[in-house]
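S.K.: Below is a structure I'd like to ask you about.
Just so it is clear, none of the values below were taken in a lab; they were calculated from the coordinates. Quantities reported herein were computed from a predicted structural model and do not represent experimental measurements. Quick reminder, even Gly has a Cβ in these numbers, built from the backbone with ideal geometry, and neighbours come from all protein chains shown.
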């Protein structure tokens, strides 16, 4: 193509993007006069004809363009649009399939197929096709402007489909679910939500050490842990020690997130070096914090009666965790699924919540939450008051004593290979 033809094509495309359709058509016509078999010019004139309401002329020109440029998916996309407009349903379907054979990820083609299936077979039949289009689309900020409205509609249709399917599944499963334990029922509620496209599976993705073949259980039943009731019974005393420490030792409540300058902080940008999420450690990365333990003897003694997870340089950790009003801890993962994390809620205003994987829980003062923090989790304090929990580490009960030793040996071997 000559430089002049290239310049004309660019000028026509710019005029089209700016909505100057008459200018665009004039340039396409000039290009066709210079090169009667130019597929770009035929396509451009055909699109302009369709916009004027001359569908038959548009179809003739677009089909000529396709014969000259059979591997151009945009031409097939335009042919499909015109065929739909003139009511040629079978021709539209065949053209869309030809387009997606050329480019299975063509976003306009995927949306066209979904709309075509919906018009013929209904919204439920089209739902997976709309989902395919959304999966092929880039992140929303980079959606093509010309397809944005269609993508928003696709997302809405998928949401409606998911809600309808979830309601249907809930009704169908209500009676058999009555025979399940609370733990089992939650698992099958999640299964239905995954099937309906309302959530995704949440695997264990620890930052450091993954113990394979351990099930990714978000929350564990507190009845599995014989120490749970004993520490819950000391909630009031532990809270008083927190209040004393917070009043008398406020400077020792340090930001929990504290990355060094130059470290990529990703989701932690807002909380990095911020006391909106602060901690007062009794044990930190396996090391006892003597001064803080002396300040909080009752809490230290209560934790001393628990078989805390012990892994040099990682755990136990035990701390008072204070989350300021209107603060969100973003989704993240912990270090290993060999240990579980325990929350003993001490101060919980309204509008606070916690999510691990699919499950959302409300903290209840004096009732421990025990969870696998290697699964994506987040916390919210949407109140105007401080939220406080005591946090500590325990072993995952699905590991045998011998396996705990394997975790320690594996960690020690890694430390030997990468000495600090």
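S.K.: Just rank 320, 183, fewest to most, by other beta-carbon atoms within 10 angstrom. Write out the running numbers ahead of the final one.
M.R.: Numbers: 320 27, 183 12.
Arranged by neighbour count, lowest to highest, 320, 183 become 183, 320.
S.K.: Against the longest principal axis of the chain, how steep is helix 235-248, in degrees 0 to 90 to the nearest 10, with axes from Cα atoms?
M.R.: 80 degrees
S.K.: Stokes-Einstein D for the range 373-420 at 10 °C, 1.306 mPa s, Kirkwood Rh over Cα pairs, in µm²/s? Before the final figure, lay out each step's value.
M.R.: Working: Rh = 14.5 Å.
Translational diffusion coefficient: 109 µm²/s.
S.K.: On to the next question. Helix 123-136 versus the longest principal axis of the chain: what angle, 0 to 90°, nearest 10, using Cα atoms?
M.R.: Between the helix axis and the principal axis of the chain, the angle is about 80 degrees.
S.K.: How big is the Rg/Rh ratio for the range 3-160, C-alpha atoms only, Rh by Kirkwood, two decimals?
M.R.: Result for the range 3-160 is an Rg/Rh of 1.00.
S.K.: I'd like the distance between the alpha-carbon centres of the range 389-420 and the range 4-72, rounded to an integer number of Å.
M.R.: 67 Å
S.K.: Per the helix-only calculation at 222 nm, which mean residue ellipticity applies to the chain, given -39500 (n - 2.57) for every DSSP H run of n ≥ 4 and division by its residues, nearest 500 deg cm²/dmol? Before the final figure, lay out the partial values.
M.R.: Values: 15 runs with 206 residues, N = 420.
Computed mean residue ellipticity for the chain: -15500 deg cm²/dmol.
S.K.: From the mean inverse distance of alpha carbon pairs (Kirkwood) and the Cα radius of gyration, derive Rg over Rh for the range 219-417.
M.R.: On the way: Rg = 16.4 Å, Rh = 17.4 Å.
Using only Cα positions, Rg/Rh for the range 219-417 is 0.94.
S.K.: Quick one: Cα convex hull volume of the chain, Å³ per residue? Numbers along the way, then the final one.
M.R.: Working: hull volume 93.3 nm³, N = 420.
It is 222 Å³ per residue.
S.K.: What number in nm² do you get for the range 240-352 if you take the convex hull of its Cα atoms and divide its surface by four? Don't skip to the answer; put the middle values down first.
M.R.: Working: hull surface 32.2 nm².
Mean shadow area of the hull around the Cα atoms is 8.1 nm².
S.K.: Just for the Cα atoms in the range 335-399, what are the lengths along the principal axes, largest first, rounded to whole Å?
M.R.: 40, 22, 16
S.K.: Can you sort 311, 344, 180 so the residue with the fewest Cβ neighbours within 10 Å comes first?
M.R.: Values: 311 23, 344 27, 180 14.
Taking fewest neighbouring Cβ atoms as first place, the list is 180, 311, 344.
S.K.: Using only alpha carbons, build the gyration tensor for the range 134-180 and give me the equivalent ellipsoid semi-axes, biggest first, whole Å. Let's see the in-between values first.
M.R.: Numbers: eigenvalues 245, 21, 6 Å².
After scaling each eigenvalue by five and taking roots: 35, 10, 5 Å.
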